[in-house]
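Heads up: the structure comes next, in structure tokens.
Computed from the coordinates by the stated procedures, all read-outs in this text should not be read as laboratory data. Just so it is clear, the structure is predicted and the values come from calculations on it, not from any experiment. For neighbour counting, all protein chains shown are included, and Cβ atoms are generated from backbone atoms with ideal geometry for every residue, glycine included.
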Amino acid sequence: MTKFEHVMRAAAIGAVALILAAPPATPQGTQLAAMPPAPPTQGVDKKTHHLILQVNSNEPAMMNLALNNATNVEQHYKNLGEKVEIEVVTFGPGLHMLRDDTSPVKDRIKAIADKSRSISFKACGNTQDNMHKAEHKDIPLVAEATVVKSGVVRVMELQEQGWTYVRP
């Protein structure tokens with residue numbers, strides 16, 4: 001191949017590369033449609049996030065972990081300007097978390113409930129009844145607790161509604 005042929009071949013390859021890299025031509029007199037602007041985020045209802053934290057252990061470390069998870073998740077979504085609902089559901093030995101006479105975390109629960117409306121505490125009524133029968137006395141709960149018939153059923157029903165389940 002002569003030097004001239006090499007130059008012509010290189011020019012042809014370059015021309016093909018330019019054609020392939022160029023945007024498609026539009027017919028004369030037409031315009032490309034502009035992308036619509038992103039919808040505004042202020043004033044638009046954002047999804048509410050839902051979290052279930054299960055506590056079924058009478059271990060203070062597990063109870064504190066659940067409370068840490070609840071407050072961390074709440075703060076995360078607060079920082080994003082988004083809503084969150086969190087239910088701490090206790091049953092079995094975990095009911096001690098919400099027992100006024102045995103809870104090692106009742107002061108933290110009160111402080112969290114005083115500060116936040118996003119975090120609620122549910123106590124299993126079945127467990128409370130069984131503890132009443134076993135201990136032959138009333139089982140007092142912290143003021144922040146709400147009794148549900150069954151803690152396990154409450155977890156199931158919330159999951160069926162799309163809530164996210166976490167066991168710390």
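Structure data summary
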| quantity | calculated |
| --- | --- |
| GLU157 paired with GLN75, simple spin-label distance in nm, labels 7 Å along Cα-to-beta-carbon | 3.2 nm |
| Inter-label distance, nm, simple model (7 Å from Cα along the C-beta direction), ARG117/TYR165 | 2.9 nm |
| GLU59-ASN130 FRET efficiency (beta carbon distance; Förster radius 25 Å; 0.05 resolution) | 0.85 |
| For MET131, net neighbour charge (Lys/Arg +1, Asp/Glu -1) across residues whose Cβ lies under 10 Å away | 0 |
